[in-house]
Ligand SMILES: [Zn+2]
């Protein structure tokens, strides 16, 4: 079903809880938040803990040193079975949490103490109900800036997530210049900056692989955001991660440089996925999904590109809306979200979209050999994850996970393998005629 989310509503809701959380717990406990679910998503880039409640969760938090701890107090609530189970959800491999302890601090307050393995950068925020979720309290544990910087040598994801949480990443994946107000001016001779190199590749000879192509593979959803779920319970996020890993293997064997936006069960905001592709100067961005529709008979494979104007079909528009809801479902902190969309479509983007359509056609061609197509051509709509202004980007809906027959297909390694090699072949085909930007 389409999910209508009011950003404004979310913003008010999260600010409201935050304000209340900053006041001392003077109010009498109301009916009380009934914690109905708890989850922990450990990952290298950040670990997330989520509590879900029937009513908005009122909270405050603080950090303690020696040893490192994060303390979260929840007001108007009592410990229950769900909370008691929380400590058993911590896994030894969690990079940030060593253990979690729960206690009734006073009759109106539950205290959650997280024993940490390292100093962290916490972000704690609440989310209003959306999709199947009730009120959520989200605790994100990021590494400190130094650790993130160290990690960046291997993978820029951590630093980008930090930038994103500080509102420095735009929705099209471009990053904002850092505020320099507090930096003392440096004495220097005037430098004439070269123009922003955002131009389309210059016409020239077809690429004879004069350099290694860089491919960004984007398995959709992850973590709190399961994506679509099939009738027998298969999650889109798990299917597309498996397919993404297969695509990477094949493209690696072609000698390409390949990256993944996520290689774990982790929620990554759409803007960060695009930003990572831009940071690593990807030549191709391919987002992998599995479609869902209310009518279980809907089936077939589809490929999508960005539309600068309206969607090319109602189905594509519907799909883009549901996919763009990923950030609200996965849970981004709107109180620090300054990721306004200030994209201006220019000639670069027009050229990029033309390339995306070519790429999409090549991939769709290959996929037509292994499954029925939902539609015979590349559809277009306003997909947030395809907005890199300078990277040909497509979104592949591998099959309908909501269709019992296709869900079964998606669960087999044989079909996953076929999908992966079709996508890889399509990319290779596209690159055989594409002109790679000069580096
Ligand atoms: Zn999806």
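Readers should treat all values here as calculations from the given coordinates under stated rules, not as data from a laboratory. Since this is a predicted model, take the numbers as computed values, not measurements. Cβ atoms come from the backbone with ideal geometry, glycine included; neighbour counts cover every protein chain shown.
Remarks
- When the alpha-carbon atoms of region 214-433 are used, the pair Rg, Dmax equals 15.8, 47 angstrom.
- Amide N proximity, region 99-138 versus residue 84 label position 7 Å along Cα-to-Cβ, cut-off under 19 Å: 100-113
- Ranked packing of 119-130, 385-396, 63-74, 40-51, most packed first, by mean Cβ within 10 Å: 385-396, 40-51, 119-130, 63-74
- Summary of packing: across the peptides 212-222, 231-241, the per-residue average of other C-beta atoms within 10 Å ranks them, highest first, as 212-222, 231-241.
- Packing around the peptides 284-294, 359-369, taken as the average count of other Cβ atoms within 10 Å per residue, puts them in this order, highest first: 284-294, 359-369.
- Potential extension, residue 405-residue 71 segment - 0.36 nm per residue separation minus Cα distance: 115.5 nm
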